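S.K.: Sharing a structure below in structure tokens format, with a few things to ask.
The values are calculated or read from the model by the stated rules, or taken from the named source; none is laboratory data. None of these values were measured; they are calculated from a predicted model. Cβ coordinates were reconstructed from backbone atoms using ideal geometry, including for glycine residues, and neighbour counts include every protein chain displayed.
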Amino acid sequence: MSSAENGIPLVSHPETKKAESYRRSRVRRKLASRGLLYIAAVVLALWVLAPIYLITITAFSPRSVVYDYPKAIIPNEFSTETMSFFVNSTGVIDSLKNSVIVAFITLLFSSLIGAPAGYAIARFAFKGRNAFRLTVLSTRAFPIVILAIPLAVAFIRVGLYDTIWSVALMHTALALPFTILITSSIFVSVPIDLEEAALTLGCTPVSAFIKVVLPLALPGLAAASIFTFVLSWNEVFAAVILTLRERTLPALVLSQLNDSPLPFRFAAAWFMMAPSLIFIFVIRKYLLGLWGRVAR
């Protein structure tokens, strides 16, 4: 029995060709858009990775090769001569230790203060909550140039000037607004039903926060930690104003940049870049969890 006899209309040949052409056109547009996305991703990756690669190969090349132009894409030889020249320079090791200590103190203070503040904004409804959020963010509207000199005077009076604590406190003040806003957004996304269920099962509010809410908020806390660490590690102006002898690595490099040879600058750039990359690599699994993927 034919399709027409069953009551099913026959599709004419021109309409079939038109549908097939439309389907192929959609496939081509989809492939073209995906190809453009991949090209954009490759260009962006090259834009980020190319300077890192050039700095790395130059930092691990002999000092004589540093001055070569144009530079070889694939180096002929690797050497620690340039890095040794930088590491053995006066004050580098001490300033490197100061940078690491300041970054971790800033990370600790920002997490201890910012996470509870973000949790309070996310969980409790109180009068002026939105105004408080705006006030927290508005603290970053003041230029650091205006804040650094009065802070230096205050630190001199209390005996904290030219110490790593003064720089760490300044970096904490710079990082706290973003830490609070990021963690509050993460805590909002954690279902409050889970916390209430933990309370009904015998948990105290503190234990429910530690055992239930905090593990679910780790990806967001990791993102805030990355921002805080990188901000503290790379910040230079406050460190220059607030220290003279106990300087961080960026402050030391800035103070000696004009009088230093080119190998010193490339090695310093790699030294300032590497810890941030290592920290991001270690903490990447929490970021992948934040994006809905499981790191292996």
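S.K.: Look through 192, 241, 226 and report the one residue that is among the hydrophobic types (A, V, I, L, M, F, W, C) and either in contact with a Gly (Cβ under 7 Å, 6 or more places away or on another chain) or over 25 Å from residue 271 (Cβ atoms) (or both).
M.R.: From the options 192, 241, 226, the qualifying one is 192.
S.K.: Which of the following residues is exposed (fewer than 14 other Cβ atoms within 10 Å of the Cβ) and either assigned to a helix (DSSP H, G or I) or not charged (D, E, K, R) (or both): 103, 115, 125, 120?
M.R.: Criteria check complete, one pass: 125.
S.K.: May I pose another question? Do we have any residue at all in the stretch 86-99 that's surrounded by 13 or more Cβ atoms within 10 Å (Cβ to Cβ), basic (Lys, Arg) and under 18 Å from residue 274 (Cβ atoms)?
M.R.: yes
S.K.: Another one. Give the residue that is nearest to residue 219 (Cα to Cα), with candidates limited to residues of the stretch 153-189 that are among the hydroxyl-bearing types (Ser, Thr, Tyr) and not in a helix (DSSP H, G or I).
M.R.: Per the criteria, the residue is 163.
S.K.: Of the residues 176, 151, 147, which single one is closer than 30 Å to residue 97 by Cβ, at pLDDT below 85 and under 26 Å from the mean Cα position of the chain (by Cα)?
M.R.: Testing whether each residue is closer than 30 Å to residue 97 by Cβ, at pLDDT below 85 and under 26 Å from the mean Cα position of the chain (by Cα) leaves just 147.
S.K.: Starting from residues that are free of Cβ contacts under 8 Å to residues at least 24 places away in the same chain and within 17 Å of residue 234 (Cβ to Cβ), keep the ones in the stretch 257-274 and report whichever is surrounded by the most Cβ atoms within 10 Å (Cβ to Cβ).
M.R.: 265
S.K.: Separate question: Suppose we keep only residues that are within 18 Å of the chain's Cα centre (by Cα) and at pLDDT below 80 within the stretch 245-276. Which one would you say is nearest to residue 94 (Cα to Cα)?
M.R.: Here the answer is 275.
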